[in-house]
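Here's the structure, in structure tokens; my notes come after.
A short reminder: the numbers here are calculations on the coordinates, not readings from a lab. Everything numeric here is computed off the predicted structure, so don't read it as measured data. Positions of Cβ are backbone-derived with ideal geometry, glycine not excepted, and every protein chain shown enters the neighbour counts.
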Amino acid sequence: MFTKICLVGIISLITLSIFANQISYADDIDKIQPSWTEDLADWWLEETISNIEFVQVLTYLTNNEIIKILESENKETSMNDSIENSDFGDFSIFYMSIEDYGIEPYPGRISTPEPFSKEMKAEKIEVWLRHNQYFEKQVTYLNENIKLPYDIVIGLGECQEEKSFYNQNTKMIVICYELIFDVYDRLTTEYKSKGASEKQISNITLDVVDFIFYHQISHVLLQVIENNENKTSSNNNESFIDALSNHIKLKIQKDRENYSITNISLWFKMMHETENLKRPHMWNTHSLSLERLSNIACQDSAFSSIATLDYVQKGILSKQSIIECKSELLEQKIKLEKISNRILK
């Protein structure tokens, strides 16, 4: 009973504050959240109100349009029908050898003009990948949980470019060794001189690879759904794909506790400060803005005040952004659940 009284009191206080500032709020609604939202965030982070009460307050505020979420440029994808296929396709791994060079299918092109000569960077990455068995584990998780209308190959090899992409013609998600080495090499340059060990750098690299891989998986799954319905791509912006990627990982990864947004943030901040990438690079088309990182942390911490406060203290989330991002998360959750219901076995 006491909890309910507190909750009603909080909502009443917020509503009175809104009416008191109605004119200025109306002018600024599309630019900035009103100042009282930071008070609400403080109450939650300080555990004056519980996680459940916080969600109830946000639900009330958004349902009554007291807090208005900026509309996304993308509209909700139709999710009426599930993928109907009794004989589902599978994910599989294809390690291309250096000798399997050629124009298609990527990857696997040699990176030196001498045929059959080996690139030591690529060889080092392949040995590392085979040793930690990251992709083997993920393919197992994906095949246990995801339903596909056709087989999809995870292609690992040289591309002569620092990128990852989906080749729709060959149904192959490509993860280039050059991109993985670029992550590892930049992290080594930045952090080894600051005392980071080889193991720590490898762990950060693996978290970045995990982020890249599931981002591509999410792009592909949305495309699979839309191709199955002959629909034009929607909800295909980077922020929504990040949200879907995190949502899928929460559903299927058995080693989720080892995943670290903090490690991802190191890479985001480093690449955010990098200008004029000289060669074709994944981040030329997949920008790594700090706002995007904040959105990822917002979803990862969900409606846990402890996890959210941890990201605030690390400077990944700001108190000012919490109410807006958590309100968006409430609305986004419905769309993500609809998609996962379509693709999960």
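Summary of values
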{"read-out": "Summed side-chain charge close to PHE54 - residues other than PHE54 whose Cβ falls under 12 Å, Lys, Arg +1, Asp, Glu -1", "value": "-3"}
{"read-out": "Over 23 Å between alpha carbons, listed pairs LYS147/LYS338; LYS254/LYS314; LYS199/LYS319; LYS121/LYS254; LYS194/LYS249", "value": "LYS254/LYS314; LYS199/LYS319; LYS121/LYS254; LYS194/LYS249"}
{"read-out": "³J(HN,Hα), Karplus 6.51/-1.76/1.60, whole Hz, each residue of segment 50-58, x for Gly, Pro", "value": "7, 4, 5, 5, 4, 5, 5, 5, 4"}
{"read-out": "Segment 132-139 - phi-based ³J(HN,Hα) in whole Hz, Karplus 6.51/-1.76/1.60, Gly and Pro as x", "value": "7, 6, 4, 5, 4, 5, 5, 5"}
{"read-out": "Built amide H within the under 5 Å cut-off of ILE146, gap 5+", "value": "LYS345"}
{"read-out": "Efficiency of FRET between PHE88 and GLU337 - r from beta-carbon atoms, R0 22 angstrom, step 0.05", "value": "0.60"}
{"read-out": "Gain upon complete extension [TYR134, GLU46; 0.36 nm per residue less C-alpha separation]", "value": "27.9 nm"}
{"read-out": "Label-to-label distance, nm, for residues given as GLN168 and ARG292 (7 Å Cα→Cβ offset)", "value": "2.1 nm"}
